[in-house]
Amino acid sequence: QVQLVESGGGLVQTGGSLRLSCSAPGIIFSINVMGWFRQAPGKEREFVAYISRSGGGTNYADAVKGRFTVSRDNAKNTVYLQMNSLKPEDTAVYYCVARWLVYGSTSASGYGYWGQGTQVTVSS
């Protein structure tokens, strides 16, 4: 069973930064793709970013491209989401996801493992 634990959410002003972390004790090296989704109140869950096992392959949603950076440290069993230039529309619960397949997916149904979510609130 894969357990994903997010941390790092919080309240920040527009233009500020936050870094989310997601730990997967003991198994992150074996997981090929890890990523992040988010869900705002009253909206569908949406893709944010994913990263391959080597870290060489990344993909971002257009809404966050140039502002967010996904990275991973397999030695620490952790994946990160650095969020800069935050906007009120980035307010959502952010979920860490993982899948065993080699290639990534921008669809929520493509991920079998989900964290519990961490709240990010950006005030205007």
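Worth pointing out:
- Hits in the range 98-109 - residues which are touching a residue at least 12 places away in the same chain (Cβ under 8 Å), surrounded by fewer than 14 Cβ atoms within 10 Å (Cβ to Cβ) and either touching a Cys at 6+ places or on another chain (Cβ under 8 Å) or polar (S, T, N, Q) (or both): SER107
- Residues of the range 1-58 satisfying the condition of being open to solvent by less than 30 Å² (accessible area, probe 1.4 Å) and of a type in the set (S, T, N, Q): SER21, ASN32, SER52
- Unmet criterion (only one of (1) more than 18 Å from VAL5 (Cβ to Cβ); (2) hydroxyl-bearing (Ser, Thr, Tyr); (3) out of contact with any helix residue (DSSP H, G or I) (no Cβ under 9 Å at 6 or more places or on another chain)) for SER123: (3)
- Within the range 110-122, the set of residues being hydroxyl-bearing (Ser, Thr, Tyr), open to solvent by 40 Å² or more (accessible area, probe 1.4 Å) and at pLDDT 95 or above comprises just one member, THR121.
Listed here are the residues, each with its yes/no results for (1) modelled with pLDDT under 95; (2) under 11 Å from the mean Cα position of the chain (by Cα).
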{"position": "MET34", "(1), (2)": "yes, yes"}
{"position": "GLN39", "(1), (2)": "no, no"}
{"position": "GLY55", "(1), (2)": "yes, no"}
{"position": "ASP62", "(1), (2)": "no, no"}
{"position": "LYS65", "(1), (2)": "no, no"}
{"position": "TYR80", "(1), (2)": "no, yes"}
{"position": "LEU86", "(1), (2)": "no, no"}
{"position": "ALA92", "(1), (2)": "no, no"}
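- Complete set of residues in the range 94-111 that are over 14 Å from the mean Cα position of the chain (by Cα) and closer than 19 Å to GLU44 by Cβ: SER109, GLY110
- Number of residues in the range 67-97 that are under 17 Å from GLN39 (Cβ atoms), assigned to a strand (DSSP E or B), open to solvent by 10 Å² or more (accessible area, probe 1.4 Å) and not aromatic (Phe, Trp, Tyr) equals 1.
- The range 43-53 - residue that is assigned to a loop (DSSP other than H, G, I, E, B) and either among the basic types (Lys, Arg) or modelled with pLDDT of 95 or more (or both) and, of those, nearest to ALA98 (Cα to Cα): ARG53
- Pairs are defined by a Cβ separation below 6 Å, a sequence spacing of at least 6 or placement on different chains, a first member in the range 30-50 that is over 22 Å from THR78 (Cα atoms), and a second member that is of a type in the set (Lys, Arg); no pair meets this definition.
The values are calculated or read from the model by the stated rules, or taken from the named source; none is laboratory data. Since this is a predicted model, take the numbers as computed values, not measurements. Neighbour counts are summed over all protein chains in view; Cβ atoms, including those assigned to glycine, are modelled from backbone coordinates with ideal geometry. Side chains are part of the model used for accessible areas, which takes the heavy atoms of the whole protein and leaves out ligands, DNA and RNA. Shrake-Rupley method; radii C 1.70, N 1.55, O 1.52, S 1.80 Å.
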